[in-house]
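This report concerns only the one structure given below.
The values are calculated or read from the model by the stated rules, or taken from the named source; none is laboratory data. These numbers were taken from a predicted model, which means no experiment stands behind them. Cβ placement follows ideal geometry from the backbone for every residue including glycine, while neighbour counts extend to all protein chains displayed.
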Amino acid sequence: MFFNCDKNKDCNILKSRDKTNLKHQPASLTMMEEVKDASSVLSVHCHNIKITEVLQDGDELTFIIVSQKLSGTGEYHVDRTYDDFEWLQQHLFSQEDVPGIQGVIFPPLPARPQVNASAKVMKQLGFLGLGEWQPYCRALETFLRQVTAHSILSKNKAMEVFLTSTDPPGRQKIKKNIFNRLSQAVEGMRKEGHKDVDEFFQTKRDHNLVLTGYTKTAAEKFLDVVLTEQKIAVACGHFSASLHLCVEQGDDPEKQAFTRVCVKLSEVFNSMKKSMMSVALNDMGTLGLGLDLESRYQDAEKEMLFRRTCKLVELENARKNAERAKPVKKTAMEEVKNAAETEFEQICEVAKKEIVQLERARVEMLQQALIQWCEKQLLTAKESADVLSQHLQAFKGMAY
């Protein structure tokens, strides 16, 4: 599954902890210089990357990342902020010299975490804003595991540096990357509706347009379900506490009987609270994260298809320019056209492989999310039924 988490080691938040022990002096060679060599091979197991802790310092979160060495001699422990994750993503986006890179469906990086944010902002994070950042840590783990498992992206030296270097990444922003052209909103809308020359990609674009909306809606509706479950759990807890206010002292048999009933009802509603919280937690950690990841990957696929469409428009323009070029410029325009054709073919080749792999992985991921969801809910339902059965027997015993 995309977001397997260490069952024996949850992500912990240590609030307002001093992070001076996590900061290191800059090395003589900055990370920005180190990542120039993209021919390295990762020295870690891509499936064993874990985020074991979240440290909070004011409004900033620092994630402790642990990855197992391929040599089997130990582990790498590094601390990274969200800015560091953006630094890594920028390097992955900036590999314009890699053939077909614009056909890659880049693993989606979750939105920036917001500490003490408003309800509206937390709503934008969806499932990733719940559970004291545990779901968010799992999403970051998924991002790192997907990048390290990717045949093209894992070769970028930035990935190795990010996971193994004790020095913090540079904060420099890379100005040129493959998404610069997306800033042209009007031009983008024109290209987005451009008719494709390949039926395969036109079909995928049409399907993606529909699925993106459906997936977002499904994730939002399921989030509403989880939030409602949490509210019910809180209400049960409040009612359980309120019942203790009805407890009366004294020797009056009727008051004593009423007190016993209130105490027992309080226990029942407290059990209902725990059960509903378990249901919400199960929903969030299984199908909830599955739908969230599916939604973000739909957006990532949409971005890739749009980049390819932009290249298609550039290729068609290059062909027109070559046809209309005057003799003095004919050779130069032909070279531009040939280069555009080669680049477009490479993008299409990579894109088809990416789409096939994503569709296969998507089915497996959602299938496992649904299976885990059902298994968790059946287990919780059985445990709740056993507890309520015990309460029922206790009530029956009180009647005699």
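Overview of results
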quantity	calculated
Test for LEU265: is it more than 28 Å from GLN202 (Cα to Cα), in a helix (DSSP H, G or I) and in contact (Cβ under 8 Å) with a residue 12 or more places away in the chain	yes
Whichever residue in the stretch 301-327 is of a type in the set (Gly, Ala, Ser) and either at pLDDT 95 or above or crowded, with 19+ Cβ neighbours inside 10 Å (or both) and, among such residues, is nearest to ARG360 (Cα to Cα)	ALA318
Residue list for the stretch 119-158, restricted to those being part of a loop (DSSP other than H, G, I, E, B) and of a type in the set (A, V, I, L, M)	LEU130, ALA149, ILE152
Test for VAL356: is it loosely packed, with under 13 Cβ neighbours inside 10 Å and within 30 Å of LEU287 (Cβ to Cβ)	yes
Options GLU254, GLU229: the member that is surrounded by 14 or more Cβ atoms within 10 Å (Cβ to Cβ) and acidic (Asp, Glu)	GLU229
